[in-house]
Amino acid sequence: MRLTPWFRTIAVFVLVLSARAASPASPGPDGGLTGLVEDTRGAPVAGAVISLFGKGVAGAGLVVLSDAAGRFSLPGVPAGSYTLRALGAGHLPAPARHVTVLPNRESTFTVSLTPVGEDKAAAVAEAKAQEEDKDEAPSLSELRWLLRHKRRSVLEARGPEAETEGRNATSPPPPHLLASLVPDLAGTVEVMANPIPADDGLEPATSYSMLRLKGRIANAGQWSLGGVVAESESASWRMAAEFVFEPGGGHRLQAGTGYGTRALRPFAPGDRAGRGDNHNVGAAFLQDQWQVTDNVTTSFGGRYSYIGFLRNSNHFDPIASVALRRDDHTRVSATVETRTLAPGGDLLALSTLATAPAVAFAFIDDSLRPERSARVELAVDQSFGATTFRAVTFYEDVHHQLANSYQGARAVRSLHIFDAGDTSARGMGVSVGRRFGAVSGSVSYRFGRSSREAAAGSSSASAALLAKDCDFHDLATRLETSIEGTGTRVVAFYRLIHLSPDVERPNRSPNTNHRFDVQLSQGLPFVGRITRADWDFLLTVRNLFYETSEGAVLDELAVANPPTRVLGGISVRF
């Protein structure tokens with residue numbers, strides 16, 4: 001069929017009008033949106049998910065996370081009306097609110113999140129959030145999808161090319177379909193190494209690699225799976241899995257298991273005498289946290305440990321606690337627990353930093369047993385806005401305390417691990433923590449009295465580490481800050497322990513040690529924009545032997561002359 005000139009002219013005119021109607025109007029000057037996320041007491045909420053939805057972003061939505069000071073920023077947003085939502089861990093979702101972004105101006109908003117209270121209040125708030133603004137506000141599954149597949153930065157390309165790609169791209173499937181096809185999965189890959197070989201002759205340049213995955217189980221639980229491998233002359237590895245279930249009735253079940261190889265390798269062949277070649281370790285635990293009433297919470301459970309390279313390889317450690325909450329600011333708790341500590345640290349600790357002091361050759365006595373400790377603690381926690389206060393009194397009884405001593409000349413020092421006997425400690429302490437903008441810090445001080453009964457045939461090195469009857473003072477400080485706009489995070493920890501013998505025994509000299517840990521994390525946003533993951537450069541300088549969460553009160557004091565380690569690496573969070 002041949003078209004007449006008149007018909008061809010009409011057709012071209014219609015196509016031009018259609019093209020103009022389909023193409024978006026030229027964007028006007030962009031604006032910006034900044035704000036602060038805080039709880040009902042005025043304390044900033046870090047890591048909250050802030051989402052912005054509206055026609056100005058073509059329905060794709062913008063997502064950003066609040067920093068350590070609770071601040072967030074969404075620059076380069078086209079002028080117009082939007083729907084703003086906020087979600088924070090441990091808080092109820094904030095109601096959707098309509099905001100307006102003006103051209104060439106930066107609008108500021110404050111979002112308030114309510115801490116999760118009783119289950120009924122949380123259920124009512126969630127139902128209301130689902131009912132209001134169904135057409136404009138995203139569902140929780142949509143936000144999870146955006147966090148997995150959208151860039152963490154809102155500085156995406158805009159203009160004709162980006163708009164063309166957006167129109168040609170296939171729209172994502174509905175959220176409910178994604179929830180069934182794509183698992184809610186996140187994880188971390190971390191590689192650490194000694195950039196400078198240690199000067200003690202024990203740790204050559206060694207690399208540590210860790211992989212950790214985590215996600216949710218339907219709507220009633222969480223799971224995590226991880227493994228760490230340390231490569232030196234021979235590889236050692238550990239892996240662990242953890243599951244958290246909320247079956248209802250106020251119960252929260254936590255279960256986990258782990259297995260791997262020993263991290264310490266013996267100098268003397270006789271270390272394996274009488275025990276074969278079994279060098280495996282493992283652990284499993286189960287704990288139930290029960291919200292009995294609005295103000296009463298109990299927790300009880302147990303942990304089984306297997307340490308194949310020591311005598312008395314099998315141990316079970318029960319734990320029980322109860323917490324009473326008088327109001328939103330005051331909490332009283334009592335805890336009774338036992339622990340088993342193996343040479344090299346906690347069997348379920350999956351951390352490249354925690355692995356570092358353990359991957360070494362060591363002299364281990366054939367009769368060495370794992371350390372067993374029992375602890376009773378009573379604590380009171382009080383919060384005053386951004387300030388927290390804690391007072392505690394405790395009693396601790398330790399059997400077969402592990403003593404770690406680096407002996408010999410500096411260039412050829414060797415690690416000796418031996419039984420330091422039985423130790424008991426009783427005392428009290430206070431701690432204060434506060435946040436100042438982007439800086440948070442805490443100071444804790446414990447003091448009390450300790451006594452020790454030396455093990456049969458113990459060496460003079462054991463007596464030098466811990467005197468028989470002493471007063472102790474333990475001061476620890478921690479400082480954490482994030483430098484806004486740079487992706488830099490610094491954590492510094494310092495601990496001073498002083499042990500003073502009785503005045504009746506002047507031949508005993510005081511024992512004081514200093515421990516520190518400085519960690520630097522530098523974000524690499526230019527790599528993150530390419531891979532859609534969070535990349536960080538890590539640098540750590542430390543001479544801590546134990547992690548701050550493991551061991552008894554005076555275990556760090558039972559370590560003599562630990563080397564200072566310098567570790568560097570890369571962390572990828574996806």
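A short reminder: the numbers here are calculations on the coordinates, not readings from a lab. In this text the structure is predicted, and so the values were computed from the model without any measurement. Counting neighbours? That spans all protein chains shown, and the Cβs are built from the backbone with ideal geometry, glycine included.
The Cα atoms of segment 309-381 define a convex hull whose projected area, averaged across directions, is 7.0 nm².
Work from the charge dipole of segment 361-450 (Cβ charges, +1 for Lys and Arg, -1 for Asp and Glu, about the Cα centre) and give the residue of S405, G433, S373 farthest towards its positive end. Positive-end residue among those listed: G433. Rounded to 0.05, the FRET efficiency of the E377 and L102 pair, given R0 = 56 Å and the Cβ-Cβ distance, is 0.55. Would you mind classifying segment 374-435 by shape? Square roots of the alpha carbon gyration tensor eigenvalues, ordered a ≥ b ≥ c; an a/c under 1.5 is rounded, otherwise it is prolate if a/b is larger than b/c and oblate if not. Oblate shape, in that a/c is at least 1.5 and b/c is the bigger or equal ratio.
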